[in-house]
Amino acid sequence: MTDRPAEPPIVRTAHGRVRGERRDTGVRFLGIPYAQPPVGELRFAAPVPPEPWSGVLDATAYGPTAQRRPLAEVTFIPEPSIPGDGTLNLNVFTPDPSPNAGLPVMVWIHGGGFLAGCQASPWYDGAAFNRDGVVVVSIGYRLGFDGFGWISDAPHNRAVRDWLLALEWVRDNIRGFGGDPGRVTIAGQSAGGAAVLTLLGMPCAQDLFHRVHCLSGPVSQVPMTEAERLGRGLAELGGVQPTRTGWDRLSEEQILDLQKQASSLAADPDTDADSESGADPEDALAGITSLIAKNLPFAPMVDGDLIPRPTLDALAAGVGAGKELVLGATDHEFTMALHSLRDRLATAAPARILTACGVDEGVAAAYAADHPGLDTVDVVGQYVTDHVFRSAVPRVAQARAAAPTWLYRFAWRSPVLGLATHCLDVPFHFDCLDAEGVIAVAGAEPPEALAADVHGAAVAFIRDGRPGWPPWTSSAPVTRVFGTRSSDTGDGYADVRALLTALAP
């Protein structure tokens with residue numbers, strides 16, 4: 001007599017039962033709706049909890065994604081675009097879907113510049129975290145104009161409201177999947193890192209999570225005046241009124257086409273959005289640097305209500321001070337972003353190009369002199385890395401003052417890319433070195449010991465609130481450096497602290 005296979009696991013949520021899929025490391029439940037599809041009357045509305053369903057919902061395949069067009073130029077992460085209306089869904093990976101397991105939880109918010117990315121990447125699979133006793137939830141949310149665009153009569157920050165509703169779903173349902181709603185860590189990379197920093201600074205979000213892990217997250221919010229100017233400008237370009245009724249006249253594809261012009265509108269009110277960008281290398285540099293350094297065109301809006309004030313101001317005022325925070329960046333986040341211009345700018349002086357991109361002349365000259373081993377495009381790319389990503393780390397730590405904060409640097413250079421570039425740390429965080437696409441960016445034999453260090457620190461932090469090295473203080477600014485041989489160092493961000501001093505008004 002042979003043993004019959006175990007029945008597929010079924011968990012009851014507040015809205016109905018869901019059926020998952022067993023794996024060696026536990027069980028996964030994919031595509032669970034946490035809100036109704038944002039279409040029709042709900043297209044530009046705040047998210048609404050799903051209608052209850054009868055029977056058992058099959059949760060063995062990823063659900064639709066908000067991403068319709070990937071941004072291959074800013075990420076190496078394989079993130080599929082899955083069609084369908086029900087994009088406000090989440091995935092749960094658990095070692096033990098029993099109500100009494102009481103396991104710590106990591107809620108993952110994906111990156112993609114708030115324009116792309118999705119919750120269905122193989123890099124975000126929770127298998128290794130499950131192996132180590134952690135429940136993982138990855139969430140989808142509205143992107144681009146649908147999630148962040150200003151509309152005169154629509155709720156602001158619709159994507160932020162998506163994050164909040166997803167976290168409420170976790171609070172109300174995760175116990176049935178083996179998770180402890182009292183031990184929730186929110187984590188994210190790139191725009192997802194910006195998202196978790198935003199949530200950390202939001203008073204209304206404080207009861208929904210307990211720790212924060214930020215990977216390569218810029219401090220990114222848009223002032224309401226800027227968001228309104230961009231929203232009105234795009235509506236004018238689209239030939240509609242800046243209202244829900246006006247935007248409803250445009251298809252999803254039309255709005256995606258308009259989004260391509262958002263960067264130029266966000267960078268300069270007098271920019272001709274119909275003009276060709278990038279025809280001249282200096283114009284291309286100015287556009288890219290201005291866009292990234294000034295702000296993402298679509299990002300959380302400081303609306304005075306849901307987000308009362310900018311994140312750094314909120315943190316300095318003590319919001320989130322009782323929560324542990326780990327944050328850091330890779331050493332060369334966007335250094336590669338301008339490599340296509342290397343030959344065209346080979347004879348150009350780095351300081352001149354930085355100045356053309358809007359950097360103060362004295363700061364540009366000093367920065368170029370401090371990086372004598374880099375050619376022009378690498379100097380400019382490293383400036384973007386330092387000014388946008390790496391400088392956010394000490395700025396947040398300083399704003400939090402005595403609040404429990406740990407800093408790190410990811411310094412391992414890929415043998416394929418030659419740099420510790422944007423997104424390279426993600427498969428080490430998830431310990432998924434055998435996942436699709438990792439070889440292309442990390443080589444055929446990425447170091448397993450490094451994955452054990454990075455992932456192990458994440459597990460320790462999620463489980464115990466201590467990643468394994470001393471916390472940062474102003475008098476002892478210790479930084480963990482993850483590299484070939486990981487170690488603790490002194491002030492690992494001294495160079496960008498000096499840059500911030502130079503840039504201070």
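The values are calculated or read from the model by the stated rules, or taken from the named source; none is laboratory data. Being a predicted model, the structure only gives us computed values, none of them experimental. Don't worry about glycine lacking a Cβ; one is built from the backbone with ideal geometry, like all the others, and counts go over all protein chains shown.
Here are the numbers for the structure shown:
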| item | result |
| --- | --- |
| Residue that is nearest to L341 (Cα to Cα) [pool: residues in segment 352-382 that are within 28 Å of the chain's Cα centre (by Cα) and of a type in the set (A, V, I, L, M)] | V377 |
| Hey, P78 in contact with an Asp or Glu (Cβ under 6 Å, 6 or more places away or on another chain), under 20 Å from A14 (Cα atoms) and part of a loop (DSSP other than H, G, I, E, B) or not | no |
| Single unsatisfied condition, L419 versus (1) in contact with a strand residue (DSSP E or B) (Cβ under 7 Å, 6 or more places away or on another chain); (2) farther than 21 Å from P467 by Cα; (3) in a helix (DSSP H, G or I) | (3) |
| Cross-chain or 6+ apart pairs with Cβ under 7 Å, segment 348-373 first and on the phi > 0 side of the Ramachandran plot, then of a type outside the set (S, T, N, Q) | G358/A286 |
| Residue identified as within 20 Å of the chain's Cα centre (by Cα), surrounded by fewer than 23 Cβ atoms within 10 Å (Cβ to Cβ), closer than 19 Å to H110 by Cα and of a type in the set (A, V, I, L, M, F, W, C) among A205, A187 | A205 |
| Residue that is surrounded by the fewest Cβ atoms within 10 Å (Cβ to Cβ) [pool: residues in segment 129-159 that are more than 14 Å from W108 (Cα to Cα) and among the hydrophobic types (A, V, I, L, M, F, W, C)] | A154 |
| Test for D386: is it in contact (Cβ under 8 Å) with a residue 60 or more places away in the chain, of a type in the set (D, E) and part of a helix (DSSP H, G or I) | yes |
| Check on A35, more than 29 Å from G381 (Cα to Cα), at pLDDT 95 or above, touching an Asp or Glu at 6+ places or on another chain (Cβ under 8 Å) and aliphatic (A, V, I, L, M) | yes |
| Single condition D431 does not satisfy, out of (1) within 22 Å of A191 (Cβ to Cβ); (2) part of a loop (DSSP other than H, G, I, E, B); (3) within 19 Å of the chain's Cα centre (by Cα); (4) of a type outside the set (S, T, Y) | (1) |
| Enumeration of residues in segment 88-108 that are in contact with an Asp or Glu (Cβ under 9 Å, 6 or more places away or on another chain), assigned to a loop (DSSP other than H, G, I, E, B) and at negative phi | L88, P95, A101 |
| Of residues in segment 78-111 being polar (S, T, N, Q) and at pLDDT 95 or above, the one surrounded by the fewest Cβ atoms within 10 Å (Cβ to Cβ) | S81 |
| Set V377, V426, V393: member being crowded, with 16+ Cβ neighbours inside 10 Å, of a type outside the set (F, W, Y) and farther than 24 Å from A458 by Cβ | V377 |
| Test: residue in segment 28-43 that is touching a helix residue (DSSP H, G or I) at 6+ places or on another chain (Cβ under 6 Å), crowded, with 23+ Cβ neighbours inside 10 Å and closer than 17 Å to L167 by Cβ | yes |
| Residue in segment 479-491 that is of a type in the set (S, T, Y), part of a loop (DSSP other than H, G, I, E, B) and crowded, with 17+ Cβ neighbours inside 10 Å present | yes |
| Members of segment 362-383 that are farther than 15 Å from L499 by Cβ, of a type outside the set (S, T, N, Q), in a helix (DSSP H, G or I) and out of contact with any Lys or Arg (no Cβ under 7 Å at 6 or more places or on another chain) | D378 |
| Identity of the residue in segment 244-270, charged (D, E, K, R) and in a loop (DSSP other than H, G, I, E, B), that ends up modelled with the lowest pLDDT | D270 |
| Segment 333-367 - residue that is crowded, with 17+ Cβ neighbours inside 10 Å and either among the polar types (S, T, N, Q) or modelled with pLDDT of 95 or more (or both) and, of those, farthest from I186 (Cα to Cα) | T355 |
| Selection count, segment 212-243, where residues are closer than 11 Å to W150 by Cα and assigned to a helix (DSSP H, G or I) | 12 |
| Residue in segment 434-473 that is surrounded by the most Cβ atoms within 10 Å (Cβ to Cβ), counting only those that are in contact with a helix residue (DSSP H, G or I) (Cβ under 7 Å, 6 or more places away or on another chain) and in a loop (DSSP other than H, G, I, E, B) | W472 |
| Count of segment 492-505 residues which are in a loop (DSSP other than H, G, I, E, B) and of a type in the set (D, E, K, R) | 0 |
| Close pairs from segment 226-250: first over 16 Å from R158 (Cβ atoms), partner in a loop (DSSP other than H, G, I, E, B) and modelled with pLDDT under 95, Cβ under 7 Å, at least 6 apart | R229/P269; L237/Q261; L237/A273 |
| Meets criteria (assigned to a loop (DSSP other than H, G, I, E, B), over 22 Å from F114 (Cα atoms) and either among the basic types (K, R) or over 29 Å from the mean Cα position of the chain (by Cα) (or both)) for P8 | yes |
| Qualifying residue in segment 391-406 (condition: among the charged types (D, E, K, R) and at pLDDT below 95) | no |
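Residues checked against (1) surrounded by fewer than 16 Cβ atoms within 10 Å (Cβ to Cβ); (2) of a type in the set (K, R); (3) without any contact (Cβ under 8 Å) to a residue 40 or more places away in the chain:
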residue: E7; (1), (2), (3): yes, no, yes
residue: V11; (1), (2), (3): no, no, no
residue: H15; (1), (2), (3): no, no, yes
residue: V18; (1), (2), (3): no, no, no
residue: E51; (1), (2), (3): yes, no, yes
residue: V56; (1), (2), (3): yes, no, no
residue: Y62; (1), (2), (3): no, no, no
